[in-house]
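The structure appears right after this line, and notes come after that.
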Amino acid sequence: MTQHSIPTPYYIVYEHKLRSNLELIDSVRKRAGVDIIMAFKANALWRTFHIIEEYRFKFTASSLNEMRLGNEYLHTKAHSYCPAYTEQTIDRYIAGSSHITFNSLSQLSRFGKQALEAGVSTGLRVNPQCSVIETDIYNPALPGSRFGVTAQDLDGTLPEYVEGFHFHALCESGAEDLQKVLEAFETQFGQYLPHLKWVNMGGGHLMTRKGYNIDLLVNLLTDFRQRYPWLEIILEPGSAFTWRTGDLITSVVDTVCNQGVRTAIIDASFACHMPDTLEMPYTPIVSESKPEAPGLIPYRLGGNSCLSGDFAGPWYFDHELQPGERLTLEDMNHYTTVKTNMFNGIQHPAILLQHTDGQCEYLRKYDFEDYLKRMD
């Protein structure tokens with residue numbers, strides 16, 4: 001089955017691109033001597049996990065469902081972090097985790113001893129209060145953040161039952177941003193490091209993005225390990241694993257023009273199938289469009305839902321768009337399928353995997369039963 005014979009809309013994951021990312025991350029892991037694990041919050045397409053498992057990557061989980069998914073389909077235990085565990089969930093987290101990080105001193109006090117006595121390595125999330133992210137909704141270092149304890153909270157005393165520190169202050173960031181955060185982390189929390197076994201530097205390390213300074217990242221990690229050779233170093237990037245490994249293929253179903261603004265209605269939805277484009281917001285690349293220039297025709301793309309704001313753009317084309325034309329919305333494999341919804345009952349795109357030989361395989365098709373069960 002080839003891609004052009006498949007009815008739209010559909011997400012497609014390219015195996016060769018996924019493997020390229022995995023190989024790059026694996027090379028960083030080996031060069032720096034650190035452990036790099038996968039974050040399911042960015043991608044949970046478990047039908048591709050057999051590829052990821054070949055590279056022996058572990059995973060991080062922030063819910064019981066994520067933890068179970070990794071336990072069963074990557075066949076390893078989780079590095080778990082949750083803003084708040086409960087009496088009803090803690091036993092299951094402990095059973096499925098190798099490491100567990102607590103968000104607050106009160107959570108650590110309630111559950112740290114229990115986890116440690118069960119053989120799970122316990123950590124505390126700390127907040128170095130170093131803000132390098134421009135988009136507030138994704139910035140865990142904002143003043144008043146609910147994530148982690150500050151150096152002032154510790155007041156020079158390492159709490160009981162702590163074997164590691166976890167910090168997360170990046171979002172699709174460069175190595176230069178990590179350098180700033182590391183400086184803040186060491187300044188504020190360096191006195192505690194001789195008493196720890198590990199440091200988890202969280203996510204947001206977008207090492208598979210073109211232009212990312214891999215050598216700087218490796219040097220930062222290598223130098224940190226030389227300063228603290230007893231520490232295990234862990235990174236848990238989300239986007240990096242599946243960055244630019246998949247697209248959303250959609251078709252134009254109608255065109256409208258209102259007060260001079262052209263909109264092409266597509267058979268997909270930004271609100272339902274690409275929510276980050278509205279939440280972030282950002283404008284995805286459309287492969288068939290052109291860079292803005294005189295003489296080109298601007299079009300918004302409008303989703304096929306009744307939400308007024310279900311549109312993005314404009315993009316520019318060298319012709320008038322017609323119903324039936326296919327458009328490729330690029331880079332729709334990370335933080336996309338994990339965030340989709342069925343608002344308006346809009347049909348969910350199928351999900352396909354294109355193998356290295358170019359042949360495509362359906363990983364999942366959706367129908368009315370899926371919508372019905374969500375409302376059940």
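Structure data summary
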| quantity | calculated |
| --- | --- |
| Count - residues of the stretch 245-267 that are over 31 Å from the mean Cα position of the chain (by Cα) and charged (D, E, K, R) | 2 |
| Listing of helices (runs of 4 or more DSSP H) fully contained in the stretch 228-342 that carry 2 or more residues being surrounded by fewer than 22 Cβ atoms within 10 Å (Cβ to Cβ) | 276-279 |
| Residue match in the stretch 334-348 (condition: of a type in the set (Gly, Ala, Ser) and in contact (Cβ under 8 Å) with a residue 40 or more places away in the chain) | no |
| Qualifying positions in the stretch 119-156 - more than 23 Å from Ser239 (Cβ to Cβ) and exposed (fewer than 13 other Cβ atoms within 10 Å of the Cβ) | Gly119, Pro143, Gly144, Gln152, Asp155, Gly156 |
| In the stretch 136-147, the residues that are touching a residue at least 24 places away in the same chain (Cβ under 8 Å), part of a loop (DSSP other than H, G, I, E, B) and more than 17 Å from Lys180 (Cβ to Cβ) | Arg146, Phe147 |
| Thr157, sole failed condition from (1) outside any helix (DSSP H, G or I); (2) in contact (Cβ under 8 Å) with a residue 24 or more places away in the chain; (3) β-branched (Val, Ile, Thr) | (2) |
| Filter result for the condition that a residue is in contact with a Lys or Arg (Cβ under 9 Å, 6 or more places away or on another chain), surrounded by fewer than 20 Cβ atoms within 10 Å (Cβ to Cβ), modelled with pLDDT of 95 or more and acidic (Asp, Glu), over Glu183, Glu163, Glu176 | Glu163 |
| Scope the stretch 170-188; condition in contact with a strand residue (DSSP E or B) (Cβ under 7 Å, 6 or more places away or on another chain) and in a helix (DSSP H, G or I); matching residues | Leu178 |
| The one condition in (1) outside any strand (DSSP E or B); (2) under 30 Å from Glu288 (Cα atoms); (3) of a type in the set (A, V, I, L, M) that Leu221 fails to fulfil | (2) |
| Unique match (being charged (D, E, K, R) and within 21 Å of Glu66 (Cβ to Cβ)) among Asp91, Asp153 | Asp91 |
| Selection status of Asn103, in contact with a Lys or Arg (Cβ under 8 Å, 6 or more places away or on another chain), assigned by TED's automatic domain parsing to the domain that holds Ala184 and either among the small types (Gly, Ala, Ser) or surrounded by 19 or more Cβ atoms within 10 Å (Cβ to Cβ) (or both) | yes |
| Yes/no for Lys41 being basic (Lys, Arg) and in the same structural domain as Val199 (by TED's automatic domain parsing) | yes |
| Residue check, Ala84 part of a loop (DSSP other than H, G, I, E, B) and surrounded by 17 or more Cβ atoms within 10 Å (Cβ to Cβ) | no |
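The values are calculated or read from the model by the stated rules, or taken from the named source; none is laboratory data. The structure presented is a predicted model; accordingly, all values stated were derived computationally and were not measured. A quick note on method: Cβ atoms are made from the backbone with ideal geometry, for glycine too, and the neighbour counts reach across all protein chains shown.
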